[in-house]
1. For residue 67, are the conditions met, namely being closer than 26 Å to residue 262 by Cα, assigned by TED's automatic domain parsing to the domain that holds residue 272, in contact with a strand residue (DSSP E or B) (Cβ under 9 Å, 6 or more places away or on another chain) and not in a helix (DSSP H, G or I)?
2. Do any residues in the range 93-113 that are assigned to a loop (DSSP other than H, G, I, E, B) have Cβ atoms under 6 Å from those of residues that are of a type outside the set (S, T, N, Q), where the two are at least six apart or on different chains, and which pairs are they?
3. Only residues in the range 1-25 that are over 20 Å from residue 363 (Cβ atoms) count as the first member; pair them with residues that are surrounded by 14 or more Cβ atoms within 10 Å (Cβ to Cβ) and modelled with pLDDT of 90 or more, Cβ under 6 angstrom, at least 6 apart or cross-chain, and list the lot.
4. Among the residues of the range 161-197, which ones are farther than 18 Å from residue 120 by Cβ, touching a residue at least 24 places away in the same chain (Cβ under 8 Å) and part of a helix (DSSP H, G or I)?
5. Give the range 351-370 a look and list any residue that's closer than 17 Å to residue 24 by Cβ and in a helix (DSSP H, G or I), or say none.
Amino acid sequence: MSHFAPGFGLLQPYPFQKFSKILATVTPNADYRQIRLSIGEPQHPTPTLIKDALASSLDSLARYPATSGTPELRETISQWLVRRYGVTAVDPARQVLPVNGTREALFALAQTVIDRSKPRATVVMPNPFYQIYEGAALLAGASPAFINLTPESGFAFDTAALAEQVWQRTQLVYVCTPGNPTGHVMPLSEWEQLFQLSDRYDLVIASDECYSEIYSDDAAPPLGGLQAAHALGRSNFRNLVLFSSLSKRSNAPGMRSGFVAGDADILEKFLLYRTYHGSAMSPAIQFASIAAWSDETHVAENRRLYRQKFETVVPLLASATRVEMPEAGFYLWLKTPIDDVEFAKRLYQQYNVVVLPGSLLAREAHGVNPGRNRVRIALVATPEECLEAAQRMRDCIARL
């Protein structure tokens, strides 16, 4: 007799855990100081305005927070969405809900919307992908179905890649735009296809947009899901839930502060689930979040730092191998001249640089692993460290 939830036995260790076991057998070159570019954890300083707001609100810790958050925070997020995406209105009372970082919310949504009574419940997701999508599906009693993101299609989320029978049993679709790890931004045409499927099969779309504020051209921010829905006459955001966070935008991953926004009917049920899940955000974190969502100066400076790193790293790597500039986000999805795990091991052993093998971020689907022979490079370290790491990677490739 099993004492664990159905699907628990199918969970896999996170890619970082898998790779740590591989690297445990390798000794890095001690002539180099270690540079870690494997985890997407922002290393830029958290803005002072956020820290000051947090410090000034510690007396609020004496109160229990409401799961729905304060009206002030929901209103601030609503105003940010209107400014950022040009939508007409987002109801702060019914279409916005603060969450403790998007990771737990992405997981919890699947537990809320998956109907386990229906046979062969399916959750569609990109491949490679953020592993929480797969775990959420499995623990909700559903099976994952993968859409491979390939360079031949420009890393597009090609809904035609799955058969009609798969879509008929699909209840939830995860998309990530800008993509992790590809940096692909879904254009309006991809959104239109996805909305058509949503209408046809009444499936929920979970749009993970945590990298939306990191892009190269300040005059051309990435298209978002609510923005696409509004442009296509879907201003009620039917069956759409957007996920966003302060982790990457404001260099505050330790705050665990984000929000979901979209379909009011789904969010009503999601709020009910979260009251049982114990997911209320700390009052002090809410206060600091209001300060963060109200300011764009620190966000523009954050983009400038990432832009600086891309402008130095990409030309250097391009002199040694094929590398595509991402549309947005802070990852490089680098093609490797040899097997990706072997390349990452050699880079660590010879040059003490840690990157993440792409095959560990993906699953074998439709006969291929779309992460094979690629590595994900997170340009989260200082500009100087990123440049030095790129020089070492170039040298490593030259030795192969």
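The values are calculated or read from the model by the stated rules, or taken from the named source; none is laboratory data. Nothing here was measured: the structure is a model prediction, and the numbers come from that model. Neighbour counts run over all protein chains shown; Cβ positions are idealised from the backbone, glycine included.
1. yes
2. Close Cβ pairs (under 6 Å, with a partner that is of a type outside the set (S, T, N, Q)) amount to 94/264; 95/261; 95/264; 100/256; 100/281; 101/256; 101/258.
3. If the second residue must be surrounded by 14 or more Cβ atoms within 10 Å (Cβ to Cβ) and modelled with pLDDT of 90 or more, the pairs left are 5/139; 23/348.
4. 161, 188, 190, 191, 192, 193, 194, 195
5. If the condition is that a residue be closer than 17 Å to residue 24 by Cβ and in a helix (DSSP H, G or I), then 360 is the only one that fits.
Matching residues to (1) buried (at least 20 other Cβ atoms within 10 Å of the Cβ); (2) within 24 Å of residue 184 (Cα to Cα); (3) outside the structural domain of residue 189 (by TED's automatic domain parsing):
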residue	(1), (2), (3)
99	yes, no, no
115	no, no, no
121	no, no, no
127	yes, yes, no
138	yes, no, no
153	no, yes, no
159	no, yes, no
165	no, no, no
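Table: residues versus (1) out of contact with any Ser or Thr (no Cβ under 8 Å at 6 or more places or on another chain); (2) surrounded by fewer than 19 Cβ atoms within 10 Å (Cβ to Cβ); (3) closer than 18 Å to residue 72 by Cβ.
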| position | (1), (2), (3) |
| --- | --- |
| 232 | yes, yes, no |
| 238 | no, yes, no |
| 241 | no, no, no |
| 259 | no, no, yes |
| 264 | yes, yes, no |
| 276 | yes, yes, no |
| 289 | no, no, yes |
| 292 | no, no, yes |
| 296 | yes, yes, no |
